[in-house]
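Down below is the structure, laid out as structure tokens.
The values are calculated or read from the model by the stated rules, or taken from the named source; none is laboratory data. For clarity, every value in this text was computed on a predicted model and none was experimentally measured. Cβ sites come from the backbone with ideal geometry, for glycine too, and all protein chains shown count toward neighbours. For the accessible areas, the whole protein counts, side chains as well, though only heavy atoms, and no ligand, DNA or RNA atoms are used. Shrake-Rupley method; radii C 1.70, N 1.55, O 1.52, S 1.80 Å.
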Amino acid sequence: MWTWGVFGDKALTITLLDRLTPYSYVIPFVGESYRFKESNQKIKLVKSKN
């Protein structure tokens, strides 16, 4: 679970997220992400080799 690796303590991570979440903004992105595009290209490349 990612909460153990971020701050080393699950309770600390939950507390920080609880305190920061009300002050956060959601930034919508339109379009395909670079990571998604690259992973699809890699999958297609592997499938074409087989």
Per residue, the convex hull enclosing the Cα atoms of the chain spans a volume in Å³ of 107
What does the helix-only formula give at 222 nm for the chain: each DSSP H stretch with n ≥ 4 adding -39500 (n - 2.57), the total divided by the residues, and the result rounded to the nearest 500 deg cm²/dmol?
-20000 deg cm²/dmol
Among Ile27, Ala11, Ile43, whose Cα sits farthest toward the positive end of the charge dipole of the chain (+1 at Cβ of Lys/Arg, -1 at Cβ of Asp/Glu, about the Cα centre)?
Ile43
Give the accessible area for Glu32 in Å² (nearest 10); use a 1.4 Å probe, count only protein heavy atoms, and leave out ligands, DNA and RNA.
110
Packing-ranked peptide list from 41-49, 13-21, highest mean Cβ count within 10 angstrom first, is 13-21, 41-49
Place a +1 charge on the Cβ of each Lys and Arg in the chain and a -1 charge on the Cβ of each Asp and Glu, then give the dipole magnitude about the Cα centre in debye, rounded to the nearest 20.
440
Given a 1.4 angstrom probe, I'd like the percentage of the accessible area of the chain that is carbon and sulfur, rounded to a whole number.
63
Residues other than Lys42 with Cβ under 13 Å of its Cβ, Lys/Arg counted +1 and Asp/Glu -1, net out at +4
Whole-Hz ³J(HN,Hα) from phi, Karplus 6.51 cos²θ - 1.76 cosθ + 1.60, for region 29-37, glycine and proline x
10, 10, x, 7, 6, 5, 5, 5, 5
